[in-house]
Amino acid sequence: MIESLTGKIVKIENNELVLQIGPINLLILVPASEKYLKLNQGNELTIKTILDVKEDSLNLIGFLDDNERKLFQKLISVKGVGFKVAIAILSTITIEDIIESVSSNNHNIIKQVPGIGDKTAKLILIQLQGQLDNISMKSSSVDLDVQLEATKAVEALGYQNEEIRKIINSLNNSNLKNLDTESLIRIIIEKISVQN
């Protein structure tokens, strides 16, 4: 297994990171979450990796930290969840949300990932029970039910789920743990207005 790679960032776009290592440019698939999209072209980067080997393809998948890599490995062990679905999950929701979803048996957050329905979300929760104890998470985040209600309300106003999730993920810290749904809706709409 290739444990990690160090090189210069040539390009970062959506789920694709191109890393220059000597005379070779490697295409590495990464989650499309905010911390990856903030990486700057030309900077030196060390990235943790997994090599996904199939009969007809080789895919290099990269992560900025070990916890994310561990969680990815747990996700792809679930029947019906391949590396593309696992990357989509990590692109859409945070590690903290996934761990809390599993511990509280709330499949609704995972169900928000594009392409994941009720059945797959519930299967992920069942198969990950007791599997995430060695993956650390931050002490707190915005309540999952509040996130879900606020997301549905803002989506009903015509905004995209992906845009809403990015804003909620950027808010996840201890000062916001006790936010109610109405306050979160107001914050999301204000942030969307500023961005647009």
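The values are calculated or read from the model by the stated rules, or taken from the named source; none is laboratory data. As the structure is a prediction and not an experimental result, all values here were calculated from the model. Don't worry about glycine lacking a Cβ; one is built from the backbone with ideal geometry, like all the others, and counts go over all protein chains shown. Note: areas computed on protein heavy atoms with side chains; ligands, DNA, RNA excluded. Shrake-Rupley method; radii C 1.70, N 1.55, O 1.52, S 1.80 Å.
Worth pointing out:
- Whichever residue in region 49-59 is in contact (Cβ under 8 Å) with a residue 12 or more places away in the chain and among the aliphatic types (A, V, I, L, M) and, among such residues, is surrounded by the fewest Cβ atoms within 10 Å (Cβ to Cβ): L51
Okay, residues lined up against (1) surrounded by fewer than 17 Cβ atoms within 10 Å (Cβ to Cβ); (2) modelled with pLDDT of 90 or more:
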position	(1), (2)
S4	yes, yes
N14	yes, no
G42	yes, yes
I47	no, yes
I61	no, yes
L64	no, yes
V78	no, no
I89	no, yes
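- Leading residue by the ranking (farthest from L37 (Cα to Cα)) among those in region 96-112 that are open to solvent by 20 Å² or more (accessible area, probe 1.4 Å), part of a helix (DSSP H, G or I) and touching a residue at least 40 places away in the same chain (Cβ under 8 Å): S104
- When residues in region 113-129 are screened for being outside any loop (DSSP other than H, G, I, E, B), under 15 Å from L90 (Cα atoms) and either open to solvent by 50 Å² or more (accessible area, probe 1.4 Å) or without any contact (Cβ under 8 Å) to a residue 24 or more places away in the chain (or both), 1 of them pass.
- As for region 130-137, it holds at least one residue that is closer than 28 Å to I12 by Cα, at pLDDT below 85, open to solvent by 60 Å² or more (accessible area, probe 1.4 Å) and not hydrophobic (A, V, I, L, M, F, W, C).
- Residues that are touching a residue at least 60 places away in the same chain (Cβ under 8 Å) and open to solvent by 40 Å² or more (accessible area, probe 1.4 Å), drawn from region 16-40: E34
- Looking only at region 138-157, and only at residues there that are surrounded by fewer than 19 Cβ atoms within 10 Å (Cβ to Cβ) and in a helix (DSSP H, G or I), the one that is modelled with the lowest pLDDT: L144
- Candidate set from region 158-190 (those that are surrounded by fewer than 16 Cβ atoms within 10 Å (Cβ to Cβ) and not in a helix (DSSP H, G or I)); member that is modelled with the highest pLDDT: G158
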